[in-house]
Each structure stands twice: as C-alpha cells, then as structure tokens.
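The numbers here are math on the coordinates, done by the rules we state, and not lab data. Keep in mind that what you see is a predicted model, and the values were worked out from it rather than measured. No Cβ is skipped: glycine too gets one built from the backbone with ideal geometry, and neighbour counts run over all protein chains shown.
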Amino acid sequence: MRKLELHWQILIGMVLGIVFGFIMTGVSGGDEFVGDWINPIGTIFVKMLKLIAIPLILASLIKGISDLKDISKFRNIGLRTMVTYIATTVVAITIGLMLVNVLQPGEGISEETITTLTETYAQDSGVQSKIQEAGRQKSSGPLQFLVDMVPDNAFNAFSNNGLMLQVIFFTILFAIAMLLIGEERAKPLKRFFDSLNYVVLKMVDLIMLIAPYAVFALLANVVVNSGDPDLLLALLKYAGVVVLGLSLMVVFYLIIVGTYVKKNPFWFLKQISPAQLLAFSTSSSAATLPVTMERVEEHIGVDKEVSSFVLPVGATINMDGTSLYQGVAAVFISQALGFDLSFSDQLTIVLTALLASIGSAAVPGAGMVMLVIVLESIGFPADKLAIGLALIFAVDRPLDMCRTVINVTGDATVSMMVAKSVGKLGKPRVEDWDDHYDEVK
Ligand code: ASP
C-alpha cells in the first residue's frame, strides 16, 4: 500500500485532535485528561524540534556560506533578503490597515460585550504578563536590537533558543573566516559541518515521524483550553478581518510565486504544506524552522547557500502575519474604545508594526506583547491598555496559529524570490526519511 503523504497524515491528525478536544470538553474531567495524558506528546514534539534548531542553523549556515566561495555573493544575498523582507511586511501591514478601516469591526461591538470582556480578561495573568513584558522590551534605546544581536559569549548564545540572532551572527562570522583561510586549511572543518548537516536533517526526518500524533495532541489541547464560545462569537468580525487579511497575503505570495519565481503556485503550496500545518499546530515559527528548511531545500529546490541564511533570519525577524494582525488589532481596539486615530497615527502603526514584527520572538503569543508597544506609539492611554488587550485576548490563540502560518509561508516565499534572483533555485532533491533505515534496523 502506498504510504499516505505527510501533509495528509498531519491534516488527519489535526482534524482528529480537534474532534477529540470537543468531545473531551463535554466530558467531566476531560480537559484535565487531555492536559495530563495527551498534551505531553505535543510538548515533547515541540521540544524536539527546538532541540535541533541551533545545531541546524550552525551546520547549514556554515555549509551554505562556505559553499559560496566568494564573500561578495553573501553580501548580495543578505541585502536582497533584508529589502524583500521589509517590502513584504509593509504590504502585509497595509493590507491589514485597509481592511480594518473599510470593514470597521470595532464599531459594531456593544458596550455590554466590552464590559464582559474587560471583566473576564483585563486582570487575567496572561494579559498582565504581556503588558509587563512589553514594558521590559520598550525601556531600551533604538539601536539596542543591534547591540543585542552581538553575543559576548558564544556558548551562552548557543545555549539559549531565544538568542537565535546571536547564533546567526557568530556563525556568519565563523563561516566567513573559514572562507578567508582558504580551501585547504578549512577542509577538515568543512567536512565536519557537512556531515553534521546531514545528520541534523536526518534528525528532522525522524522527529517528523511523530508529527501526526503530536499535532493531534496539540490541537486537542488548544480546543479544551479555548475560552467561552459566546465571547469567541462576539469577536467573530474582528477575527474575520484578521483571517481575511492573512488569506489575502497568501494570494499575494502565490502571485509572486507564479509571476516572479515562475513556479506553479499550487505546487509550492503542496511542497510547503507540512511546514504550514506545523506552524498552525505549534504557533511557533522557531519550532517550525527545521521543517521549513527541509521543505524549502529538499522539496522546493532552493540552494542551501540562500535558504540557510534567509530562513533562520526570517523566522526571527520577518513576520508578515504578525504585523498584519498588529495593524488590525491596534485599530480595532481604538475603534471599540472610541479612541480616534488620525492618518499620521496610522502611518505610525505601519512603522512600529514593522519594527515590532522584527522584534517579536518566534514563539506563541509574542505578537501580542509587541502590540502593546504599537498601541503606546499612537498615544493609547496607558490605563486602558489592559482593557484593550482584554478585548482581543479570547481569540488570540486561534489567530496566533493563523498568523504563524503566514509568517512561515512568507519566509519560504522570500527564500524562493532571493534564490531566483541570484540564480540559486534548482530542482527539488527529496531525500526520503528512510534512506538507510533498513540497514540500521
Ligand atoms: N507565534 C508567532 C510566530 O511564532 C509570533 C506571534 O505572532 O505571536 O511566528
């Protein structure tokens, strides 16, 4: 019997997880059962993906850069990547702002709903912790992010998943130095990292064996922890605007893939779909990164020289879905609470949402922390911040899942664009997970 393709396996796992979650919400003690006995499978899976993120970045970036043979090529790729990332993010924010201004989801929301949402969530530890976290991040100067990018201790950087940009910084410096010492001297290191790279990619394959079960667990857990259905319904219009905006972003990517990259957009979707499904299930671009890299390199055919740089950097700084959401959410909250926004306020939102998406960590719920900073930038009263966040908190998790899909799809699209522009988009070279499995068994 032919094995079901991975994306179908994952999709079936997700659907069954949602159904199971709904069944368990109706059973007494069901949510505890899911939390105690089902959720750990999902948590283990996410931990395993994160576990290989840093070795993968290290091995693949060193391989990518040292294969280039010429540093000016790297500069070229770097520049194109940054410009394209900024451009796609600005498109995303603009789409979000246009939709929220035209459809005005905040106008229709009743006083009663606002009161209920405020009473339910304003003092919630989730909302309060986002505000505190934002306060911590804001108190630094404008160039602090550059300072933060440079590690003062390599081992410290490698031991913290939150310091991905520091790892990338060290690795790029290391790989450039490897290029500069000449091929002969660099040979042992190159062979070592090439081999490490194969091993880590194989680890991705092995971890993916449990993906269908893990997404079942993750989604069942999301369902049993979701809020009151009535409150979710009250926010349907707001959530609808975000989802509509995110869908338009997908259309935008597909048009780019069809016209500029000159690949079949549906083929692209099919190849990248396992990464998208994982992004949806885990709400974390960082946890999805190993799978995104594997899909883009092996199944789409982007050269490692491009993907090894574009994707890890993208996972940390390019968040089109998050910035679109921040634009919509900031205006929605202002509409609902009767806070007038001028045109220049909206321009400020474009700028701060762009910076905020760069500064957001690639983990669940990070977008909401930076939303606080976006709101403050337009002069939103500090004493109303908790109420503002309370308005959107109930639907944040499902929207986080959707925006993470867009974040990952955006990174993959940009990697194809950059690869195409420098002639590094080749043929897919799929390596089956079970290449040597029989021999080992
Ligand atoms: N969860 C998102 C990501 O990892 C970030 C966010 O929007 O909260 O890409």
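Over its Cα atoms, what ratio of radius of gyration to 2.2 N^0.38 Å does the stretch 71-188 give?
Ratio of Rg to 2.2 N^0.38 Å for the stretch 71-188: 1.67.
Kirkwood hydrodynamic radius, computed over distinct alpha-carbon pairs, for the stretch 269-374: how many Å, to one decimal?
So the Kirkwood estimate lands at 15.0 Å.
Run down the lysines and flag those whose C-alpha is under 20 Å from the C-alpha of residue 69, throwing out any fewer than 8 positions away in its chain.
Here the lysines satisfying the reach criterion relative to residue 69 are 187, 190, 304, 420, 424.
Would you please give the FRET efficiency between residue 119 and residue 144, computed as 1/(1 + (r/R0)^6) with r the Cβ-Cβ distance and R0 = 56 Å, to the nearest 0.05?
0.95
Which residue, chosen from 206, 188, 143, occupies the Cα position most advanced towards the positive end of the dipole of the stretch 137-260, where the dipole is computed from +1 (Lys, Arg) and -1 (Asp, Glu) charges on Cβ about the Cα centre?
188
Between residue 284 and residues 5 or more places away or on another chain, which pairs have amide H atoms under 5 Å apart, with H built 1.01 Å from N, and which residues are they?
Counting only residues 5 or more places away or on other chains, the set is empty.
If the only charges are +1 at each Lys and Arg Cβ and -1 at each Asp and Glu Cβ, what is the size of the charge dipole of the stretch 104-241 around the Cα centre, to the nearest 20 debye? Kindly include the intermediate steps, with their values, before the conclusion.
Details: 9 positive and 14 negative charges, 180 e Å.
Result for the stretch 104-241 is approximately 860 debye, rounded to the nearest 20.
Taking amide H positions as placed 1.01 Å from N in the peptide plane, with prolines and chain starts having none, which residues 5 or more places from residue 301, or on another chain, fall under 5 Å of its amide H?
Amide H to amide H, under 5 Å and 5 or more residues apart or across chains, residue 301 pairs with 429.
Hey, how much of the P(r) for the stretch 188-245 falls beyond 15 Å, as a percent of Cα pairs?
Values: 1187 of 1653 pairs.
Roughly 72 percent, rounded to a whole number.
Tell me, in nm to one decimal, what length is gained between residue 159 and residue 183 on full extension, where the rule is 0.36 nm per residue of separation less the Cα-Cα distance?
Working: separation 24, 0.36 × 24 = 8.64 nm, distance 2.97 nm.
Gain in length upon complete extension: 5.7 nm.
Given 10 Å bins starting at zero, what is the percent of C-alpha pairs of the stretch 102-248 in each, up to the one with the largest pair distance?
8, 17, 24, 25, 17, 7, 2, 0
In whole angstrom, how far apart do the alpha carbon centroids of the stretch 288-341 and the stretch 269-287 sit?
12 Å
Name the residue farthest towards the positive end of the dipole of the stretch 294-366 from the options 307, 358, 325, assuming +1 on Cβ of Lys and Arg, -1 on Cβ of Asp and Glu, about the Cα centre.
Among 307, 358, 325, the one farthest towards the positive end of the dipole of the stretch 294-366 is 325.
Please work out, to two decimal places, the log10 of the ratio I(q)/I(0) at q = 0.14, 0.15, 0.18, 0.25 Å⁻¹ from a Debye calculation in which every Cα of the stretch 1-102 carries one identical scatterer.
Here log10 of I(q) over I(0) equals -0.99, -1.00, -1.00, -1.19.
Out of 276, 105, 430, whose Cα points farthest toward the positive end of the dipole of the chain (charges: +1 Lys, Arg; -1 Asp, Glu; placed on Cβ)?
Final value for the positive-end residue is 430.
Can you give the percent of C-alpha pairs in the chain whose distance is more than 37 Å?
Cα-Cα pairs of the chain separated by over 37 Å account for 25 percent.
Please order 88, 115, 348 by the number of other Cβ within 10 Å, starting at the fewest.
By the 10 Å Cβ count, ascending: 115, 348, 88.
Taking the Cα centre of the stretch 34-90 as origin and charging only Cβ (+1 Lys, Arg; -1 Asp, Glu), how large is the dipole, in debye to the nearest 20?
240 debye
Work out from phi, with θ = phi - 60° and the Karplus expression 6.51 cos²θ - 1.76 cosθ + 1.60, the ³J(HN,Hα) of each residue of the stretch 384-397, listed in order in whole Hz, and give x for Gly and Pro.
9, 4, 5, 5, x, 5, 4, 4, 10, 4, 4, 9, 5, 5
Let me know the Rg and Dmax you get for the stretch 288-441 when you use only its Cα atoms, in Å.
For the stretch 288-441, the Cα-based Rg and Dmax read 19.4, 68 Å.
Using the crude model of +1 on Lys and Arg Cβ and -1 on Asp and Glu Cβ, and no other charge, please compute the dipole size for the chain relative to its Cα centre, in debye to 20.
Magnitude of the dipole: close to 1600 debye.
Please list, in order along the stretch 362-369, the HN-Hα scalar couplings obtained from phi with the Karplus expression 6.51 cos²θ - 1.76 cosθ + 1.60 (θ = phi - 60°), rounded to whole Hz, x for Gly and Pro.
Once rounded to whole Hz, the list reads 8, 10, x, x, 5, x, 6, 5.
I need the phi-derived Karplus couplings for the stretch 289-294: 6.51 cos²θ - 1.76 cosθ + 1.60, θ = phi - 60°, integer Hz, Gly and Pro marked x.
Rounded to whole hertz, the list is 3, x, 6, 4, 4, 4.
Quick one: if you stick a label point 7 Å off each Cα along the C-beta vector at residue 112 and residue 384, how many nm between them?
2.3 nm
Distance between the C-alpha centers of the stretch 343-415 and the stretch 73-132? Whole Å please.
Going from one Cα centre to the other spans 4 Å.
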